[in-house]
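The values are calculated or read from the model by the stated rules, or taken from the named source; none is laboratory data. Everything numeric here is computed off the predicted structure, so don't read it as measured data. Methodologically, a virtual Cβ is constructed for each residue, glycine included, from the backbone with ideal geometry; neighbour enumeration extends over all protein chains shown. Ligands, DNA and RNA are excluded from the accessible area calculation, which covers all protein heavy atoms including side chains. Shrake-Rupley method; radii C 1.70, N 1.55, O 1.52, S 1.80 Å.
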Amino acid sequence: QVQLVESGGGLVQPGGSLRLSCAASGSGFSINTMAWYRQAPGKQRELVAVFASGGSPHYADSVKGRFTISRDNAKNTVYLQMNSLKPEDTAVYYCYAGYQTGVVYSVAWGQGTQVTVSS
């Protein structure tokens, strides 16, 4: 029902910044939670940042003070501003959305966007 399209990944030097975007499209849906996950080579997928409707953003300890999640509900879009990037931030970043279509609750995942932090 809902599709998530991510953009903004790329190669950046340590200390640099990137801004990821994720736009939800479809019809008749109401998004509750939007979040960003990441998965580095050889590691499990981990939650990076989450922003629930009516709540406040929360972050993994590893990114607190460096990353900022924000939402534009009118555009059904979530962003992840990543500053002071470190090599250990290198991963595929996935957008997540929990949403309702009528009384049915579903989740959607973006296709993933590669973030590489290297000098």
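Quick notes
- Charge sum, other residues only, whose C-beta stays under 12 Å from Tyr37's C-beta, Lys/Arg counted +1 and Asp/Glu -1: +1
- Length released on extending from Ser27 to Tyr105, taking residue separation times 0.36 nm less the Cα-Cα span: 26.7 nm
- Å³ per residue enclosed by the Cα convex hull of region 38-96: 85
- Accessible area per residue for region 68-113 is 47 Å², calculated with a 1.4 Å probe on protein heavy atoms, without ligands, DNA or RNA.
- Pairwise Cα inverse-distance average, inverted: Kirkwood Rh of region 1-43 (Å): 13.1
- Cα lying deepest toward the dipole's positive end in region 60-119, options Asn83, Gly112, Asn73, charges on Cβ: Asn73
- Fully extended contour minus Cα-Cα distance, from Lys75 to Lys43, at 0.36 nm per residue: 8.3 nm
- Over all other residues within a Cβ to Cβ distance under 13 Å of Ser84, the charged ones net out to +1, with Lys and Arg as +1 and Asp and Glu as -1.
- Computed from phi, the 3J(HN,Hα) profile of region 32-48 under the Karplus parametrisation 6.51, -1.76, 1.60 (θ = phi - 60°) reads 9, 9, 10, 8, 10, 10, 9, 9, 8, x, x, 10, 6, 5, 10, 6, 9 Hz, with x in place of Gly and Pro.
- Heavy-atom accessible surface of the chain: percent carbon and sulfur, 1.4 Å: 48
- Between the C-alpha center of region 4-23 and that of region 28-64 there is a gap of 15 Å.
- Residue of Ala108, Ala97, Ala49 that the Gaussian network model of the chain assigns the largest fluctuation, springs spanning Cα pairs under 10 Å: Ala108
- Remark: the chain carries a charge dipole of roughly 80 debye about the Cα centre, counting +1 on each Lys and Arg Cβ and -1 on each Asp and Glu Cβ.
- Counted by Cβ distance under 14 Å from Pro14, the other residues give a net charge of 0, where Lys and Arg count +1 and Asp and Glu count -1.
- Candidate lysines - alpha carbon under 26 Å from Lys86, same-chain residues fewer than 8 apart omitted: Lys43, Lys64
- From most to least packed by mean Cβ count within 10 Å, the peptides 14-20, 87-93 give 87-93, 14-20.
- Using θ = phi - 60° in the Karplus curve 6.51 cos²θ - 1.76 cosθ + 1.60, the 3J(HN,Hα) couplings for region 3-14 round to 10, 10, 10, 9, 7, x, x, x, 9, 9, 7, x Hz; x is entered for Gly and Pro.
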